[in-house]
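The values are calculated or read from the model by the stated rules, or taken from the named source; none is laboratory data. Just so it is clear, the structure is predicted and the values come from calculations on it, not from any experiment. Ideal geometry is used to build each Cβ from the backbone, glycine not excepted, and the neighbour counts take in all protein chains shown. Please note that ligands, DNA and RNA were not included when accessible areas were found on the heavy atoms of the full protein model with its side chains. Shrake-Rupley method; radii C 1.70, N 1.55, O 1.52, S 1.80 Å.
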Amino acid sequence: MARYQVGSFRTAQLSDWLYRYGLTDADFESLEFWQDTMREAHATLAAAGRLDLIGGA
């Protein structure tokens, strides 16, 4: 759950920067990394039947 929450925060932050300032190549790679982290955490929580921890069904 913590990895999902951190990933969610960083993804939102980087997305905001993208629209305000643009992203460097390193920032864009970081955005992709955190999106992948969120997907992996979501899959782990889904497999455990605990999407309720992140507000999912």
For the Cα atoms of the chain, what angle does the longest principal axis make with the long axis of helix 2-20, in degrees from 0 to 90, nearest 10? 30 degrees
Please state the relative contact order of the chain as a whole percent: Cα pairs under 8 Å, 6+ residues apart? 49 percent
Accessible solvent surface per residue of the chain, calculated while the other protein chains remain in place, 1.4 angstrom probe, Å²: 72 Å²
Can you work out the FRET efficiency for the pair Ile54 and Tyr21, with r the C-beta to C-beta distance and R0 = 30 Å, to the nearest 0.05? 0.60
Rounded to the nearest 10 Å², the 1.4 Å probe accessible area of Met38 is 40 Å²
Whole Å is fine, so just give me how far the alpha carbon centre of the stretch 1-22 lies from that of the stretch 24-57. 11 Å
Counting only protein heavy atoms with a 1.4 Å probe and every protein chain in place, the carbon and sulfur fraction of the accessible surface of the chain in whole percent equals 56 percent
Can you give me the angle between helix 25-47 and the longest principal axis of the chain, using Cα atoms only, in degrees from 0 to 90, rounded to the nearest 10? 10 degrees
Entry for Kirkwood radius over Cα pairs in Å (calculated from the structure that is shown) out of (1) 11.8; (2) 11.4; (3) 14.7: (1)
Net charge near Thr44 (other residues with Cβ under 12 Å of its Cβ; Lys, Arg +1; Asp, Glu -1) is +2
Cut-off 14 Å between beta-carbons: net charge of the residues surrounding Leu31, Lys and Arg +1, Asp and Glu -1: -3
Most fluctuating of Ala41, Ala26, Ala12 in the GNM of the chain (C-alpha, under 10 Å) is Ala26
